[in-house]
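Single-structure report; data block below.
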Amino acid sequence: MSATTQSPTAPDSRTPSKAARLLGDRRLPVAATALLFLVMYGVGLGRYQYYGFAEPQVFLNLFIDNGYLLVAAVGVTFVILSGGIDLSVGSVIGFTTMFTAWLVERQGLPIVVVIPMALAVGAFGGFLMGYVIHNFEIQPFIVTLAGLFLFRGLCLVISKESISIGDSSVSSMAQAQVPLGVGFLSIGAIVALVVLALAFYVLHYTRFGRRVYAIGGNEQSALLMGLPQGGTKIAVYTVSGFCSALAGLLFTLYIQSGDPLHATGMELDAIAAVVIGGTLLTGGSGYVLGTLFGVLVLGLIKSIIQFEGTLSSWWTKIATGVLLCAFILIQRFMTTRKKT
Amino acid sequence: MAEPRPVLEMTGIVKEFPGVRALSDVDFRLFPGEIHALMGENGAGKSTLIKVLTGVYSLDGGTITLDGRSVRFGSPLQAQHAGISTVYQEVNLCPNLSVAENIFIGREPTRMGRIQWKRMRKEAAELVDRLGLDIDVTAPLSSYPLAVQQLVAIVRSVGTGDSDGEGSGTKVLVLDEPTSSLDRDEVQELFRLMRRLKDEGVAILFVSHFLDQIYEICDRMTVLRNGTLVGEHMVGDLDQVGLIQLMIGKALDQLEELHDHQLHSDVGETLVKAEGLGRTGGIAPFDLEIKKGEVLGLAGLLGSGRTELARLLFGADQPDSGKATIGGKQVSLSAPNDAIGAGVAFCSENRKTEGLVPDLTVRENIILALQAARGWTRPIPVSQRDELVAKYIKALDIRPANPEARVGQLSGGNQQKVLLARWLITQPKLLILDEPTRGIDVGAKAEIQKLVVSLSEDGMSVLYIAAELEEVLRLSHTIGVLRDRRLVAQITNGPEITTSRIMETIASGEHQ
Ligand SMILES: Nc1ncnc2c1ncn2[C@@H]1O[C@H](COP(=O)(O)OP(=O)(O)OP(=O)(O)O)[C@@H](O)[C@H]1O
Ligand SMILES: [Mg+2]
């Protein structure tokens, strides 16, 4: 009997094989998206290098033109990682543009006062949705859909017309260029990158971040493990609301106007970027860095189509749709593969 | 000697679910430095009592005192902070996180709010090591089998308390069927750990359906029957027969019956034949033959490839070498459908993730496989369906005997029975049972084993996997021994074969 105590369980019989681990590695989808980006960029270089595609500024413009989307997608990443969904993003962005434009132009408030107000409203909206989702146990899909209509409606309450912003401090902020050696970035792009870095830190180096992954992995288990799953969920939607409002501010800077129809459907772009970035829609697996590549890929599609010149901008949507399908299929394949 | 004051006292506990009174007026107390068994049949209310204690369910009546203070927890988190660590019956961890994180999440070591990953991994590796587990703590939990996951859950609960400022150290450790998927050695490791904690003064509540384990490790036990308290006894004062009587309320002689039953010799022609069947990373190529009416038992330690062999035969994993015939016809085994079509049924060990649909009723869950086998366009006539369901609820003694109950609300053991019923109802030619008696009480265990015997007498072939060697030995005509993911021996059962002979084969990897 005593001989049986140590020998039979070979240690490696339990530890998965190298190949299996590589295939199951959760970083793989991010790497795939990064590779896709590089390949697309390479193709772009090959085709349009004589039309200025090789300029470093073209690359930097990806951040300038998509900063707001990146910020929104970062918020959505939190929500999707936790196993939820947020459909209110586009409306909150639209609302923030209206709210900001109205306060600055019609009420004459200085932009530095308006910014914290707009952020607070967005965060509070997210908090409310999270509160309802958790306390009344309603599907996030439904609650945030209600949020979508609510904020779009509020836009129209403020004004039915678009409000353009002539405020000098806003336009100087919008036009500011942060030199970067080979080119420049806008303030919006810088803010977006800072948000990305913060999100990365929070998700990987704080207890809150790990709880987001835990409840996305298995909410019931997280509860039984003694994690404050309710608070985490509410916080996640608050983060998303805050990010949407911030994205709204960046969008206002980018477009310099408020319009009740701004950013209609942008939640779908954000969700697409997150999914293309390798985050599982079922929650619990993914990286915010993937979201960056997701946004860059979407942005690159837009630029390439602009460079192509003859293609209608609807091709952006088609390309996005195709990519989304492909990536969801890959996810499906990877999750079924992992089970065995 | 005056008894010390109990660390935990629950009095007059009442818990009602819609339509079921799961606990009525139950008293329970737990002393520091003791291991206390909570005993009872499937559905007696053991897990419910635990969940009421730790705040998963709210209390409908009664009081709980911890350390002399009256408490009522609103969530498992509060219970944890008060010093009650719990491993719930079904492994409840996050499969997407690494082993280290699963052990530490919620109380990761931090410096100024920043998680110290290195330190966490190192400490996790040490904790895991102390339990005699040799695994990579950075790998995701989902890459390990259920047994390892269960051990990780235990490591988590034991490690709780001492490293964070908020907790007050573990005073009470609750283990709800922690051993159901562990093998002997791991159980011994766990027991060593439990004894150490006991010596440190921790009070341990232990639930298990293995009576031998109870008698080995516990000091005292409380017996529940149908949600009521039957009695509290010192383990030394009550023998196994007496305990079983208390649990089921009548004497049990079925177990005896089984002991001297003769294996029927009525084994027919070959039904399943596998030649060189294998899958890299799963199990090395093996040859296997199962005859009609034969029970083939698989013995081996956890991770030795028992489940992998079964999954291959069912087509749940695709073999990458060899071929198989069922009933003389070649089957491709590239998907379970092929095997199901050829009359193979697979009752998986992992009822939570692979088996049952918790939101469907008992009836729907039972009928699922049969309906799938018939094709969805040919519904089963209602009367015939209800009759079948009723028959199996009765045969397996599923409680509550209500076909409309939601499976998710059944006790763990009763869920296992529903899963079994689902496959039995399809009347397969080959029935693969992977740990069918896990988490099932003594009475029902005997019933299930009797059922296997009678099914094989009726000509059904059975591939039987169980952690308990006695069980395998009692039922099987042939015993396949696995080791390190290889089928190392096939032993024909006979009077001279004993569990220690099989243990030797498992240890040495060869059969003389
Ligand atoms: N969430 C729930 N909703 C409704 N009924 C429930 C729920 N949980 C448990 N029950 C019922 O309460 C009773 C006791 O179940 P419990 O899980 O406590 O049994 P147990 O003693 O742990 O059994 P086992 O040994 O099978 O794990 C059962 O009849 C069960 O069906
Ligand atoms: Mg139970």
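The values are calculated or read from the model by the stated rules, or taken from the named source; none is laboratory data. Note that the structure is predicted; figures quoted are calculated from it, not measured. Glycine also receives a Cβ, built like all others from the backbone with ideal geometry; neighbour counts cover every protein chain displayed.
Assorted remarks:
- The test for being more than 14 Å from chain A (Cβ to nearest Cβ), surrounded by fewer than 17 Cβ atoms within 10 Å (Cβ to Cβ) and either within 16 Å of ligand 2 (Cβ to nearest atom) or not in a helix (DSSP H, G or I) (or both) does not hold for B:THR426.
- Condition broken by B:GLU101, with the remaining ones in (1) within 16 Å of ligand 2 (Cβ to nearest atom); (2) within 19 Å of A:ILE215 (Cβ to Cβ); (3) in a helix (DSSP H, G or I) satisfied: (1)
- The set of residues in the range B:286-303 being under 18 Å from B:THR270 (Cβ atoms), touching a helix residue (DSSP H, G or I) at 6+ places or on another chain (Cβ under 9 Å) and not in a strand (DSSP E or B) consists of B:GLY293, B:GLU294.
- As a summary of the residue check, B:SER332 satisfies the conditions (1) at pLDDT below 85; (2) more than 21 Å from B:LEU424 (Cα to Cα); (3) crowded, with 17+ Cβ neighbours inside 10 Å except for the one numbered (3).
- One residue from B:ASP25, B:ASP60, B:ASP67 being within 18 Å of B:GLY169 (Cα to Cα), more than 10 Å from chain A (Cβ to nearest Cβ) and surrounded by fewer than 24 Cβ atoms within 10 Å (Cβ to Cβ): B:ASP67
- Selection status of B:ILE366, assigned to a helix (DSSP H, G or I), aliphatic (A, V, I, L, M) and surrounded by 16 or more Cβ atoms within 10 Å (Cβ to Cβ): yes
- Scope the range B:408-423; condition within 11 Å of ligand 1 (Cβ to nearest atom) and either surrounded by fewer than 23 Cβ atoms within 10 Å (Cβ to Cβ) or among the small types (Gly, Ala, Ser) (or both); matching residues: B:GLY408, B:GLN409, B:SER411, B:GLY412, B:GLY413
- All of B:ASP458, B:ASP441, B:ASP434 fail the test of being near ligand 1 (Cβ under 9 Å from one of its atoms) and more than 17 Å from B:VAL20 (Cα to Cα), apart from B:ASP441.
- Options B:LEU473, B:LEU463, B:LEU482; residue that is buried (at least 19 other Cβ atoms within 10 Å of the Cβ) and within 14 Å of another protein chain (Cβ to nearest Cβ): B:LEU482
- Scoring B:ARG399 on the criteria (1) part of a helix (DSSP H, G or I); (2) within 16 Å of ligand 2 (Cβ to nearest atom) leaves a single failure, condition (1).
- Listed by position, the helices (runs of 4 or more DSSP H) inside the range A:16-105 whose residues that are under 24 Å from the mean Cα position of the chain (by Cα) number at least 2 are A:28-48, A:56-81, A:89-101.
- Test: residue in the range A:171-188 that is hydroxyl-bearing (Ser, Thr, Tyr), surrounded by fewer than 18 Cβ atoms within 10 Å (Cβ to Cβ), in contact (Cβ under 8 Å) with a residue 60 or more places away in the chain and more than 19 Å from A:VAL89 (Cβ to Cβ): yes
- Selection from the range B:275-297 of residues that are more than 14 Å from every other protein chain (Cβ to nearest Cβ) and surrounded by 24 or more Cβ atoms within 10 Å (Cβ to Cβ): B:ILE290, B:GLU294, B:VAL295, B:LEU296, B:GLY297
- The residue list B:LEU190, B:LEU243, B:LEU197 contains one member that is away from ligand 2 (no atom under 16 Å from the Cβ), crowded, with 16+ Cβ neighbours inside 10 Å and touching a residue at least 60 places away in the same chain (Cβ under 8 Å), which is B:LEU243.
- For the range B:76-88, the candidate set comprises residues that are more than 7 Å from chain A (Cβ to nearest Cβ) and crowded, with 22+ Cβ neighbours inside 10 Å; within that set, the residue that is farthest from B:LEU38 (Cα to Cα) is B:ALA79.
- Leading residue by the ranking (farthest from ligand 1 (Cβ to nearest atom)) among those in the range B:89-101 that are facing another protein chain (nearest Cβ under 8 Å) and over 22 Å from B:SER208 (Cα atoms): B:GLU101
- Listing of strands (runs of 3 or more DSSP E) fully contained in the range B:1-82 that carry 1 or more residues being within 9 Å of ligand 1 (Cβ to nearest atom): B:8-17, B:20-30, B:35-39
- Within the range B:32-73, being of a type in the set (Gly, Ala, Ser) and without any contact (Cβ under 8 Å) to a residue 24 or more places away in the chain holds for B:SER58, B:SER70.
- Residue list for the range B:42-80, restricted to those being touching an Asp or Glu at 6+ places or on another chain (Cβ under 6 Å), hydroxyl-bearing (Ser, Thr, Tyr) and more than 13 Å from ligand 2 (Cβ to nearest atom): B:THR65
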